[in-house]
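Below is one structure, written out as structure tokens, with a few remarks after it.
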Amino acid sequence: MAENGEEKLLAVARHIAKTLGRDESMADDILQIFSNFDGRFSRDKLSPSDKAAAVAAAADGDPRAYAALDRNLSALERQISHFVTSDNPIWADAADAAAFLDAVDELIAAVRDLASAPAADKAVLACLSRAEELTQQAMFRLEDEFRSLMEVGGEAFELSRPYGRGELNGDLSYDSEDEDDDEQGGDGDERQVPVAQPLGDDFDIVIDALPSGTINDLHEIAKRMVAARFGKECSHVYSSCRREFLEESMSRLGLQKLSIEEAQKLPWQELEEEIDRWMKAMKVALYILFPSERRLCDRVFFGLSSVADLCFMEVCRGCVIQLLNFADAVAIGSRAPERLFKVLDVFETMRDLMPEFESLFSDQYCSVLRNEAVAIWKRLGEAIRGIFMELENLIRRDPAKAAVPGGGLHPITRYVMNYLRAACRSRLILEQIFEESIVSPKEYPDLDSRASSSSLSVQIEWIMELLESNLEAKSKIYRDSALCSIFMMNNGRYIVEKAKGNDLGLLLGEDWIRKHTAKVRQYQMSYIRSSWNKVMVVLKPDNASLAPNADPRSLKEKVKLFNGYFEETCRVQSSCVIFDEQLREDLRISVTKWLVPAYETFVGRLQSVAEMRKHPYRSVEQIKARIDELFRGRGALGGGRK
């Protein structure tokens, strides 16, 4: 009802102007008076039908209609030229800004009416050309005003007031020296760009880099520029200004602007430090900077979603590419095993932020960035799988050159077990990575019976088998079979202990640990048999020594042989290295249980022969004491096992 009443009121106003006006100029003046008297009689509401009718009449050759069009354009030219040629910012005065926008609205409507005329003669085409030229001038000035508002608004909206939780703006950085420099200000020769900074680990922050009033002004300009088909120019100005903000913010976070080639050439220590900075920058960008830019785009270009999407992509593209290129450089870089943990950090960061990325960059213009992020994330997973393959190659290539003194722990065992134990702290991530690449039985023919295991479990077990095979090859360097057994015992025990009570053990399973614990016991028995067999042969009773009238000379020879073999074996075993304290004690107990009962029996036979009672021989206590001195080779004591 209200709308119908307003339409009737506007119709009456048009009728009065037409009736009282002796010519078109007078009627136009009357409409202007109405417009100034009451906002409901704005020229936009009063004139359109008359303008459209005038255009149609001019197209039909009506000279009065053409004269009216010419006067209307001339009036707009005077009004718009006044603003276009002004040296002062139009938006410095709200009234000027409103008047300029009203004139632009009239001009846009005039161009639309002229362009939609049913039949355009030369006169109408001339008016259209004038209107389009005037529109271009107006748009150039609006573009300048838009740029000025973007820049001046950013400078004015510094950290000059306190902000509540969830709202942040200003010149901030991780570096306190930068903050001091910013506070000092300088001479003002270089325009400062407001820069964002996270507050600790709190990412629940939104940056409003422009005042609300400035955003509203930008929105009004953007509407006119898009309506006049100058949306591309508006988008370009907006994007260039906001890109500078983002790039400066990224720089303040300490992240270098590196190409993929430059990142790959960095020494590993520098690359590690850069990865730490990259992880911080990614979180700040995806949780704070990019969402804030999305919000600002949506406010400035409210109702113009396509332009908002395009601007957001243009603003963020450079920084997104910078972040993704660095991750890609890590993904396609060296597969050296020591890089695993930092590559895992990059992968995990990408994985955690991927939902944010896909949500922010979900529109059509960002599809390339979105697809590239997913591709790089997958390449990081491939890189991690490649690092494990390189670890396999490292084990295979480790040569069996010199024997480890005393049959001690080999460096390759310590390296691989500590590496796997540390890697398996990220077991859940690694399982996700390896499940994306199902292991083929052809790759690991010895593991085809373990199809129920996870791909990561299969990978770890395969590495363990490679390590065991490598150690067995190294054990053959020892000419002494006892040292060979001690070497395998040392390394086997270390492997089992490192696998117990952690994620590595969970992947390998209890059956695997029991099986390899049994292997260590087998190496123990093999060592005892190979080391003490000659001693035990001497102590073994024979018919001559068991006879009541045993020949003392035969017994004396046995005592001599025993002493020689025992001392030689002890001398050799004393130089052996047993790193595990419990294993050392177990071995001494095993040797004692195996040797001492046989020696006690032998001593009993000696005492049964009268002539042998005065012959010198070692007591059982002396034998036990000598056994307790075994396995004290260099490195056996003092905690060499780590």
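The values are calculated or read from the model by the stated rules, or taken from the named source; none is laboratory data. In this text, all values refer to a predicted model and were calculated from it rather than measured experimentally. Glycine gets a Cβ as well: all are built from the backbone with ideal geometry, and neighbour counts include every protein chain shown. Ligands, DNA and RNA are excluded from the accessible area calculation, which covers all protein heavy atoms including side chains. Shrake-Rupley method; radii C 1.70, N 1.55, O 1.52, S 1.80 Å.
Charges on Cβ only, +1 for Lys and Arg, -1 for Asp and Glu, centred on the Cα centroid of region 212-310; of His236, Ile275, Phe302, which one is farthest towards the dipole's positive end? Highest projection toward the positive end goes to Phe302. Applying 0.36 nm per residue to the separation of Asn533 and Glu510 and subtracting their alpha-carbon distance, the gain on full extension is 4.9 nm. The phi-based Karplus calculation (6.51 cos²θ - 1.76 cosθ + 1.60; θ = phi - 60°) puts the 3J(HN,Hα) values of region 91-108 at 7, 6, 10, 4, 5, 4, 4, 5, 5, 5, 5, 4, 5, 5, 4, 4, 5, 4 Hz, whole numbers, x for Gly and Pro. Probe radius 1.4 Å, ligands and nucleic acids ignored: give me the carbon and sulfur share of the accessible area of region 96-149 as a rounded percent. Ligands and nucleic acids excluded, carbon and sulfur give 53 percent. Restricting region 314-358 to trypsin sites (Lys or Arg not before Pro) that sit in a DSSP loop and have at most 11 other Cβ atoms within 10 Å of their own Cβ leaves nothing.
Quick one: net charge around Ser362, please, counting Lys, Arg +1 and Asp, Glu -1 for every other residue with C-beta under 14 Å from its C-beta. Once positives and negatives cancel, what remains is -3.
Packing, taken as the mean count of other beta carbons within 10 Å per residue, orders the peptides 138-148, 584-594 from highest to lowest as 138-148, 584-594.
Cβ-Cβ distance of Phe140 and Glu247, R₀ of 22 Å, FRET efficiency by 1/(1 + (r/R0)^6): the value works out to about 0.25.
Among the protein heavy atoms, those of Trp377 account for about 50 Å² of accessible surface (1.4 Å probe, every chain in place). For region 322-405, the Cα gyration tensor yields ellipsoid semi-axes of 36, 10, 9 Å (square root of five times each eigenvalue, largest first, whole Å). Nonpolar atom fraction for region 218-363, defined as the carbon and sulfur part of the 1.4 Å probe accessible area, stands at 48 percent. Roll a 1.4 Å probe over the protein heavy atoms and report the accessible area of Leu394 in Å², nearest 10. Number for this one is 50 Å².
Applied to region 131-144, the Karplus parametrisation 6.51 cos²θ - 1.76 cosθ + 1.60 on θ = phi - 60° returns per-residue 3J(HN,Hα) values of 5, 5, 5, 5, 4, 4, 4, 4, 5, 4, 5, 4, 4, 5 Hz, with x for Gly and Pro. Backbone amide hydrogens, once placed in the peptide plane, bring Ile207 within less than 5 Å of Leu168, Ser292, excluding anything fewer than 5 places away on its chain. Modelled spin labels at Met354 and Ile477, positioned 7 Å past Cα toward Cβ, are 4.4 nm from each other. If the segment from Lys560 to Ala98 were pulled out straight at 0.36 nm per residue, it would be longer than the present Cα-Cα gap by 154.3 nm.
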